[in-house]
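Read the structure below first, then the notes.
Every number here is computed from the coordinates shown, using simple stated rules; none is lab data. Given the structure is predicted, the values throughout are model-derived calculations rather than measurements. Reconstructed Cβ throughout: ideal geometry from the backbone, glycine too, with neighbour counts over all protein chains shown.
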Amino acid sequence: MKQSKAVEIAVGLFVAAGMAALFILAMKVSNLSTSVNGESYTITASFDNIGGLKVRSPVTVSGVRIGRVDSIVYDFETYEAVVQLRIGNSYDRFPEDTTASIFTAGLLGEQYVALEPGGSEDNIMPGDRIQLTQSALVLEQMIGQFLYNTASAEEK
Amino acid sequence: MLGPLQRLGRTGIGFFERLGRGHVFLLQILARLPALLLRPGLVVRQIYSVGVLTLLIILVSGLFVGMVLGLQGFNTLSDFGAEESLGVAVALALVRELGPVVTALLFAGRAGSALTAEIGLMKATEQLSGMEMMAVDPMKRVIAPRFLAGFLSMPLLAAIFSAIGVYGGFFVGVGLLGVDEGAYWSQMQANVDLQDDIYNGVIKSIVFGFVATWIAVFEGYDAVPTSEGVSRATTRTVVHGALAVLGLDFVLTALMFGD
């Protein structure tokens with residue numbers, strides 16, 4: 001029976017190595033360790049233009065990642081894009097006049113929602129809507145405006 | 001005039017007959033899987049020969065594939081000044097594609113051919129008929145444990161391949177080429193999604209394991225019981241296994257990452 005014991009140990013090691021590899025992939029390679037775990041709440045914000053924002057894009061405050069974009073829908077009442085932000089419960093004391101802006105990480109990086117707390121006494125409640133928003137900058141619009149401005153400057 | 005037409009028809013009928021036999025065979029295996037719960041020892045022994053003995057080639061290939069990805073990725077990414085994204089490039093390539101596919105190809109070559117040759121020789125030397133004479137069901141005693149062992153081993157092997165490949169890329173990118181260690185891991189963690197990337201990779205490896213093992217045991221069981229027949233069956237296992245894996249990979253990729 002000695003042979004079969006060695007075989008069983010080898011199989012045990014193999015299965016353990018496979019499980020460990022899956023664990024490494026989940027914990028070390030994927031975003032499991034950085035995603036919003038446990039309790040969270042949502043707030044919404046409306047933007048004129050969300051640019052390249054996607055579901056699961058990060059939500060940050062002062063560069064600290066505190067949540068992610070939960071859903072993006074278009075609202076025909078206001079003709080604006082309504083973005084739902086899911087934020088971890090440990091970050092629940094933002095003032096009512098917090099600003100939400102869509103920025104781009106680096107020149108070609110992904111877009112994210114940045115929150116900038118204001119000075120109000122009252123805190124934003126779960127489910128509330130952020131009033132102050134700043135849309136994504138669309139490169140084509142900026143270039144268009146720049147060309148228009150230089151052209152009109154030359155005319156003078 | 002009618003000769004070539006008849007040959008074409010015969011080939012077609014033969015093809016569909018084999019396809020049908022293969023599926024009936026699969027159903028017969030699946031029907032016998034619950035009985036294996038009573039005799040896990042049989043499966044453990046097969047996992048040893050199918051999984052553990054394949055481990056070495058998987059470890060070495062995974063390491064080198066990861067290292068090559070690190071090297072190639074670095075050369076291309078540094079043209080765009082994006083060396084920091086090396087971790088993402090290596091991890092996504094391994095987890096989504098190379099891990100499951102290369103593992104399945106190696107698995108078909110190393111473990112699948114061994115399964116076919118073993119079962120084919122058992123048939124050629126009439127061991128399978130001998131078992132039937134002793135009222136032992138060869139499907140239950142020989143085929144089903146091997147099928148289950150291959151099916152279980154493949155995802156584990158693919159996970160080991162991907163994990164060791166990520167460390168191979170780390171070794172080349174961070175150790176030799178000077179990519180920042182923190183950037184390698186943090187970019188990877190920021191961009192590799194557990195659901196979209198890792199789970200889909202694991203699903204791929206499960207499907208490939210199922211198909212590659214199915215082809216291997218079927219070719220062995222269906223082999224012409226001569227030495228030439230067994231050798232042909234072994235070749236077919238590797239060729240058909242590889243083709244099935246690559247074809248399925250395209251379909252699965254289109255379904256998973258197509259949107």
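Once you put a point 7 Å from the Cα of B:LEU121 and another 7 Å from the Cα of B:ILE203, both along the Cβ direction, what distance in nm separates them?
Result: 4.0 nm between the two label points.
So if I take the alpha carbon set of chain B, get Rg, then get Rh from the Kirkwood formula, what is the Rg over Rh ratio? Walk me through the numbers on the way to the answer.
Values: Rg = 21.5 Å, Rh = 19.9 Å.
Ratio of gyration radius to Kirkwood radius for chain B: 1.08.
Note down the nm distance, to one decimal, between modelled labels 7 Å out along Cα→Cβ at A:THR42 and at A:TYR74.
Roughly 2.0 nm, to one decimal.
At a Förster distance of 22 Å, what's the computed FRET efficiency of B:ARG7 paired with B:VAL239, Cβ-Cβ distance as r, to 0.05? Don't skip to the end; give the middle numbers.
On the way: r = 22 Å, r/R0 = 1.00.
For R0 = 22 Å, the calculated efficiency reads 0.50.
Angle, helix B:144-170 long axis vs. longest principal axis of chain B, Cα atoms, 0 to 90°, nearest 10?
Helix B:144-170 sits roughly 20 degrees off the main axis of chain B.
Under the definition of Cα pairs under 8 Å and six or more residues apart, what whole-number percent is the relative contact order of chain A?
23
Once the Cα atoms of helix B:55-79 and of chain B are each reduced to a long axis, what angle between those two axes, in degrees from 0 to 90 to the nearest 10, is obtained?
Its long axis makes an angle of about 40 degrees.
Calculate for the protein assembly as shown the 222 nm mean residue ellipticity that helices alone would give, adding -39,500 (n - 2.57) per DSSP H run of length 4 or more and normalising by residue count, nearest 500 deg cm²/dmol.
Numbers: 13 runs with 237 residues, N = 415.
The helix contribution divided over the protein assembly as shown gives -19500 deg cm²/dmol.
Step through the residues of segment A:135-144 one at a time and calculate ³J(HN,Hα) from phi using the Karplus curve (6.51 cos²θ - 1.76 cosθ + 1.60, θ = phi - 60°), rounding each to whole Hz and writing x for Gly and Pro.
So the J values, rounded to whole Hz, are 6, 5, 8, 9, 4, 4, 4, 4, 5, x.
Over chain B, what is the mean sequence separation of C-alpha contacts under 8 Å (at least six apart), divided by residue count, expressed as relative contact order in percent?
Details: 342 pairs, mean separation 82.0, N = 259.
RCO, chain B: 32 percent.
Beta carbons within 10 angstrom, averaged per residue: use that to sort the peptides B:92-102, B:174-184, B:57-67, B:16-26, highest first. If you can, show how the numbers build up before the last one.
Working: B:92-102: 24.2, B:174-184: 15.8, B:57-67: 19.7, B:16-26: 12.4.
The packing order, highest mean first, is B:92-102, B:57-67, B:174-184, B:16-26.
On C-alpha positions alone, give me the angle between the axis of helix A:2-24 and the longest principal axis of chain A, in degrees, nearest 10.
With rounding to tens, the tilt is 10 degrees.
Considering every Cα-Cα pair within chain A, what fraction, in whole percent, is farther apart than 21 Å? Spell out each step's value before the answer.
Working: 7162 of 12090 pairs.
Beyond 21 Å sits 59 percent of the P(r) for chain A.
What distance in nm separates the simple spin-label points at A:ILE9 and A:ASN149, each placed 7 Å from Cα in the Cβ direction?
The two pseudo-label positions are separated by 7.5 nm.
Can you list residues from other chains, or at least 5 along the same chain, whose modelled amide H is less than 5 Å from the amide H of A:PHE94?
Residues meeting the criterion, in which the H sits 1.01 Å from N, are A:ILE124.
Which loop-located GluC sites (Glu not before Pro) does segment A:76-146 contain, where loop means any DSSP state but H, G, I, E or B and the Cβ has at most 13 other Cβ atoms within 10 Å? Walk me through the numbers on the way to the answer.
Details: sites: A:GLU77, A:GLU80, A:GLU96, A:GLU110, A:GLU121, A:GLU140; in loops: A:GLU77, A:GLU96, A:GLU110, A:GLU121.
Here the sparse-neighbourhood loop sites are A:GLU77, A:GLU121.
Suppose we look only past 26 Å in the calculated P(r) of the protein assembly as shown. What percent of the Cα-Cα pairs does that tail hold?
Values: 56285 of 85905 pairs.
So the portion of pairs separated by more than 26 Å is 66 percent.
Averaged over its residues, how many other protein chain Cβ atoms are within 10 Å of peptide B:184-195's Cβ atoms?
Neighbouring Cβ atoms belonging to other protein chains average 4 per residue here.
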